[in-house]
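The values are calculated or read from the model by the stated rules, or taken from the named source; none is laboratory data. Everything numeric in this text was worked out from a predicted model, so none of it was measured. No Cβ is skipped: glycine too gets one built from the backbone with ideal geometry, and neighbour counts run over all protein chains shown. Only protein heavy atoms, including side chains, enter the accessible area calculation; ligands, DNA and RNA are left aside. Shrake-Rupley method; radii C 1.70, N 1.55, O 1.52, S 1.80 Å.
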Amino acid sequence: MADAERDDGRSEARAIFASAAALVRELAEEGVSGFEPLPALAPFEPRAAPASTGDGRPVAAPSRMRPAPAAAPGQSRSEPSTAAALPPSLPTAMPALPPRARAGGHASLDVVRSALGDCRRCGLCEGRQNIVFGDGNPEAQILFVGEGPGEQEDRTGLPFVGRAGELLTQMIEKGMGIPRSDVYICNIVKCRPPGNRNPLPPEVSACRPFLDGQIEAIAPKVIVTLGKPAASLLLGREISITRVRGTWQTYRDIPLMPTLHPAYVLRQYTPENRRAVWQDLQAALERSRA
Ligand code: SF4
């Protein structure tokens, strides 16, 4: 390995650990005094039929996720081209998740948002109008993960509200037959990359603990990744979305279904692509109900 490459890797690792340490400090400042360490490599057991809170809402199940695998950001929403390969300086291991607060359920998601605060951990804070943390049911059975906010998302502070968002909403409501408010939707990075460029490795690394925190807090039964970058990040390797979509993967023992990004489907609005996404979402819905 070249010296420069090794130096890049060390700087990256230092930035990651600094980010994770800062997050833990902030959680402590938020008054989180009791932590429940993540079960290391605990086998995932499908969530049993959720208990009711009394108002019909299910009670969140305890997390059974495994530690995060190696991470990988990817290319822009112009996938599925393989031209934008993962940067070589990508860290091969992500920091441990911030420990789950004992508050439990969606309170943990609130803690993650609170810890994010008015985040300035990476350069994407410079051009943003709003942090786009995520939206939906904090106890969702299905979690959608995209790449990053676009212009309208940046303006509104909500994920997937532009044209691609409209298509995603249709995919969920007409394709899966459930209200969008039943699922949770978030992105790899919470601030809009300028000009909708790919998020850079340090930006992905800085934001990654919060995505992991969201997954930990929601503990979904199924994750659906939208596009190549989100799938590559969570699977820890660069994937070809056209090869991997429609095949079951796992992220920390949670079933993960990679599918096409709605922005790509809008650009390539072919019956084949629409059918592919429909099939992927049907499979995700079935798995979430198993
Ligand atoms: S992208 Fe994430 S880490 Fe970077 S400033 Fe925004 S919230 Fe913070």
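Largest first, the residues R208, R243, R121, R289 sort by 1.4 Å accessible area into R243, R289, R121, R208. Remark: spin-label model distance E173-R243 equals 3.8 nm, labels positioned 7 Å along the Cα→Cβ axis. Per-residue packing, averaged as other Cβ atoms within 10 Å, sorts the ranges 233-241, 125-133, 145-153, 109-117 into the order 145-153, 233-241, 109-117, 125-133, beginning with the highest. When nucleic acids and ligands are ignored and a 1.4 Å probe is applied, D118 ends up with an accessible area of around 110 Å².
Can you compute the label reach from D182? Point 7 Å from Cα along the Cβ direction, backbone N cut-off under 20 Å, restricted to the range 237-271. Once the point is set 7 Å along Cα→Cβ of D182, 255-259 turn out to lie under 20 Å by backbone N, inside the range 237-271. Extension gain, T156-R274: 0.36 nm per intervening residue step, less the Cα-Cα distance, totals 39.7 nm. Cβ under 14 Å from R237's Cβ, R237 left aside: what net charge do those residues give with Lys, Arg +1 and Asp, Glu -1? Summing Lys/Arg as +1 and Asp/Glu as -1 gives +1.
Of the peptides 248-254, 214-220, the ranking by mean beta-carbon count within 10 Å, highest at the top, reads 214-220, 248-254. Extension gain for D253 to Q129 (0.36 nm times residue separation, less C-alpha to C-alpha distance): 41.1 nm.
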